[in-house]
Structure formats: structure tokens, C-alpha cells
Amino acid sequence: MAKDGKWTISLKDFNSGYAPLSFTDPLTEIGGGGHASVMSNSDVLDGKLTQGPGLDTLVNGDETGEVDELINFIMDKAVATDTTYGISNTKLFQISSTEVINSVDPTFPRTVADMTEGSSVANMGGNVYYFYNKTTDGAIGKYDQDIIFNDTWHTTDMQKAPHPVGVKEDIICFGNGRYLGTYIGSSDTITPDKLDFGDGFQVDDVLFSGTSWYVVVNSNITGNNRSAGQIYLYDGSATENVLDDETGVGMQRIGFIYRLNGVIYVCYQDLSSEGFIIGYISGSQIKALGRFSGTMPNFQQKTLYKNTILFLSSSKVYSAGAVVDELPFQISQHANGGYSTTGAIAAPFGVPMIASSESTSFKLAKFSGYDVSSTWKSIIFTVGNGRHKGYVDDIIVMTKTLGEDARCDLTIETDQASGTSSVQSITTTGKRKHIFKNLGLNGIEDFRIALNHSNGSTTNNTVIRSVTIRGHYVSD
């Protein structure tokens, strides 16, 4: 805002996340003082701005231990005290909050004969069911959580396809290529082809909410193509052979659906604008909430964290949602995913863990400490006024009380990010108010604030509460 030839711009409320058009324009001017045009590994969930979480590899969690291939899926709940399960291309894993279990009786990790691609794991009635593909078809294994494994518990009519799975009491619904399969535990009845969605389609996600199953069905054409995506509602008892209702997104592929606080959120593709959309189901429509760019996540790459949906895209961890209802919906790039290829994400013990790989390196790691590879840039602010340019007088940064070695470097990127100011360091133990002058800039047309934590600490983070930029107009 300008007054008497002077202007002031304030940055706060960082929980706004990405600016509305940042997914397509890194120099966007549309948004507010809390919006980012660019960010990496930044935690903005509570309205302040700080470093995203770092990653700590679990004990036995890499190729020198027990993880010698990418873990595709991790069950997003504990099935016993400090115990959950994951699956890779050839192995079933038992996982605790701190380690990948190495045991002899029962043997973990367990190599499953003929398994070429592990898909998902589910728990029902005290048994663990693991869904996987073989060379030409699929199969379901069963483990009693003691010593008995049956790797070929069910193989009849199982397709080689993704196998998303949902559980409700004594019912399992699972994707099986063009079919939705069901298993009713009370009658010990499995029907792999309960619903047939037709040739050329496949079930890509399934969950239970309220009184219905929600079933995601996409065209099975691979590649970057328009693909019809539908969400069907199905009888909660899983006994009928007809559908209740449907919700479509048109000719766009659906990545995943997720239930949070009774709302069904949907991630779906938008080829026309080179991005992806997070929205929610409202009646027979899907209402868009925000967009991001990158690879579209699937049913194996979503979890809950601080009341927001975490998902994986292009080896990065994103957050979508709000930690409390009073805050607006946001999308932000929250953390690094580890290596260049990411597999599963889950938070069965509250702290998210992510599987990743690169060449012959593999790991399963969980959030720990703070990431110094953390950056954040505001939207572009225009300070040119007619034939005048803007001049920055000073910058005031308010932080939480800084701990030892906490540091964040601030620069001003000017004139469509073609120029930059001198580096100003937000640091000093015990300090909260930081004032910077003599920034090495002349008159400018526009600017954005750039923050970089590369010289910071992994144990004492720099928490930024607000940034105030004050200036005046100068003759061109």
C-alpha cells in the first residue's frame, strides 16, 4: 500500500501455500502476501514459514540392510503394537516405527515365490492379505500374523493389474483390472469379478465412506492421454451386482481418492493446463480446490498428516488441506521424497515414512529434524508507479526466538527475477527481530522475496512469522 510516495508490503499467513497460478507461472503476480510462487521443502501448515522435515532412514531401511528394492505400498495403519506391513516387487516386509524387521521365525522380509510386482496390503479379521502380480496374472496371499503364510491363498480369476484395496469390518473390496473384487469374511466368500466395468477400463482406487463404497475407474490406456475417469458408488454390503450412483470428471484420469472428515477428496489430471487438480465430491460433481504440477500420484502414494493429505509427486512430498477448519485450503511442497523415484508413503505410527530408490540405492525413511534444502519465494509485487520506480528502504523480518546455528538467507529478486540484492542473513541465537538496510539495489519495477535455508540447521529451524518490506518511489 502507498502513502505520500511511500509503500509497504507485508508477507504473512504463509499457510496460503502456492499462489493460484504458480503451477504454470513461477513469476505469478496473482495472490496475497502469504502465497508462494516457488517453494521447496517448506512447512507452512501453521501459518508461519519454516524448513520442511528432513528424512531419517529406518534401521535396516536401505540396501545395506533389508531394503534392496523399492517398496510399492505400506499399510497406512498399525495392525499390532508398533507393527505394519509393506510390499515391494518380490517381498513382503514387516515394519515398525523405527526399523524394517529382520526375523527368522517368521521370516521377514519374506520373498514371495513368483511375485513380480507387489501392489497392496490389507488387514481384516486378524489376517494380513497381500495383493500382487505375477508374470501373466495376479494373486492374493494370506498371513495369520503368527507363522502361517499362504502365498497363493487365492489365484483364480486374478488379473495382472493394480490392486487398490479397501476394508470395512469383515468386507474387502479390491481392484482387479476391469473388475471390482469382493471378499466377505463372515461367509469366507471371495468374488474377484463381482462388478465388471468393461474392456478397456480398470479400477484404480477404492474406499468405504458412510454407507457406500467409492470405486475409481479409469481407461487403462497408458501414457499422457485423455482418459475417461469415473467414481462409482456401490452398495456398502458388497452383495449387489449393480451400482448406486456415479460421479465423473470427464475425459480426465483420476489418481486417487481420500476420505478426510467425511469429505471425499479427488486427485485428477488436467491435460489442457499441464497440471493436476485436487478437488472434492459434492453431490454428483467434483469441485476443484487447487492445482499442482508434476507426476500424478496413485493409490499407493497418499496419507494423512496434521489433518492434511500428504501425497507424492515427482519425488516430492506435497500437502493439501488445512490443519484446522478455520484456515483456508492450501497446497504446498512440504518435504523431499528421498531418492529420485518414490514408491509408497504412509503414516501408520503418526510420522510419515517414504520409500524411494535411485539406481541400485533404496531406502525407507521417516520425517526427522529439518531439511536445509528448503526455499520459498513470494509472488511478484509491482512497485513501479507511472514514470517512477520503487526503492526499497528496509526489510523487517520477525521470527520465533532463534536457536543456535539457526539461519535463513534473504534476497530480493528484482525486475522479473533478472536481478538480485545482496544476501541478508536471518540469524543470531536468541534474536526475534531482524532489520536489513543497504540492500545494494537501485530503482526497481517489481520484486519478490526469496528465502533460502541452505546455511541453516537440521536441529534448530528458522521460523519466520512475517516479512515487511518498506520503500518509496524514485524518478525513472
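Every read-out reported here was derived from the displayed coordinates using simple, explicitly stated rules and does not represent laboratory data. On a predicted model such as this, the values are computed, not experimentally measured, just so you know. When we count neighbours, we look across all protein chains shown, and the Cβ atoms used for this are built from the backbone with ideal geometry, even at glycine.
According to the Kirkwood relation over distinct C-alpha pairs, the hydrodynamic radius of the chain is 24.0 Å. Mean separation of Cα pairs under 8 Å and 6 or more residues apart, divided by the residue count, gives the range 343-476 a relative contact order of 34 percent.
Suppose R0 equals 41 Å. What FRET efficiency, 1/(1 + (r/R0)^6) with r the Cβ-Cβ distance, do D25 and D146 give to the nearest 0.05? Working shown, then result.
Working: r = 56 Å, r/R0 = 1.37.
In this case the efficiency is close to 0.15.
Spin-label model, V323/D105: points 7 Å from Cα along the beta carbon direction are separated by 4.8 nm.
For the chain, the relative contact order is 17 percent, taking Cα pairs closer than 8 Å that sit 6 or more residues apart in sequence and dividing their mean separation by the residue count.
What separates the Cα centres of the range 377-397 and the range 309-344 is a distance of 31 Å.
The amide H of D205, built 1.01 Å from its N in the peptide plane, has V216 as neighbours under 5 Å, considering only residues 5 or more places off or on other chains. On the basis of the beta-carbon distance and an R0 of 30 Å, T429 and D393 show a calculated FRET efficiency of 0.65. Pairs exceeding a 20 Å alpha-carbon distance, out of K91/K142; K77/K168; K12/K302; K77/K366; K142/K363; K306/K433: K12/K302; K142/K363; K306/K433. With neighbours defined as other Cβ atoms within 10 Å of a residue's Cβ, the residues R387, R110, R448, R470 order from fewest to most as R387, R470, R110, R448. Note on the range 422-476 and the range 155-198: Cα centroid distance 56 Å, given to the nearest whole angstrom.
In plain terms, the residue of I444, I345 with the fewest other Cβ atoms within 10 Å comes first and the most crowded comes last, giving I444, I345.
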